[in-house]
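What follows is a single structure, written as structure tokens, with notes after it.
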Amino acid sequence: MLKFYQMKSKKIIFILFLLVAVLQLLAPTKMIYDQENTLKNGKALKFLTEPIDPNDPFRGKYINLNYNINSFKTKDTIWERKQDIYIYLNDSLGYATLKTVSKTKLEIDNNYVKTKVSWYNKYNNKLQFNLPFDRFYMEESKAKPAEDLVRINNRRDSLETNTTFALVYLDNDKFVLDNVFINDVSIKDLVDK
């Protein structure tokens, strides 16, 4: 009788092990599927970048990106830090422009990004926020040279001659930062030169 329970116990443990293994494979598979689905079905928009703070430009194996879409003038003064907000965007010749900001999801056809309030400035009535796709990951050996290229091309004295933007695909609550471009050339290609 004891041998029967030991056999049954081993079968249960084996089945649980298999179940856990399958679940561990499903999680990354779902993440990859969602990302590929967003790239396939999402709306591609270009987000113009701004100069990066030279004091802390590199914090890992990625390019740190700042965007020119980072605030919204509003008469609504009731905003809380880290409050979820929806940033609604227009497509202006492929480039993202800010349409409106809402505390709730609106039933309109515009593309949107869900993010959080950074702060609200009562003196100039501006709501500050950061877009959630502010890091572009690269191979370790290429990240620092790419960061330097973005910083050089985003200096305030070169903004009129250089256009640096991030290509982001948006699909409902999902987004994929596909690439970063300087004057329409991929940052990956520029670093490889």
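Read-outs throughout are calculated quantities, based only on the coordinates presented, and are distinct from any laboratory measurement. This one's a predicted model, so the numbers in the text were calculated from it and none came from an experiment. Counting neighbours? That spans all protein chains shown, and the Cβs are built from the backbone with ideal geometry, glycine included.
Numbers for the structure displayed
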item	result
Estimated FRET transfer efficiency (E107, E50; beta-carbon r; R0 22 Å; 0.05)	0.10
Helix axis angle, 2-41 relative to the chain longest principal axis, alpha carbon, degrees	20 degrees
Peptide ranges 86-93, 116-123 listed from the most packed, as the mean C-beta count within 10 angstrom indicates	86-93, 116-123
Structure-derived Cα extents along the principal axes in Å: which label, when the choices are (i) 82, 48, 33; (ii) 38, 36, 30; (iii) 47, 41, 27	(i)
Long pairs among K99/K174; K99/K188; K43/K116; K73/K103; K116/K144; K43/K99, criterion Cα-Cα beyond 25 Å	K99/K188; K116/K144
Potential extension, S141-L25 segment - 0.36 nm per residue separation minus Cα distance	38.8 nm
Cα-based reach from K61 at 20 Å (exclusive), listing aspartates and glutamates while leaving out same-chain residues under 8 positions away	E50, D53, D134, E139, E140, E147, D148, D178, D189, D192
With Cα atoms, 0 to 90° folded angle of helix 140-153 axis to the chain main axis	20 degrees
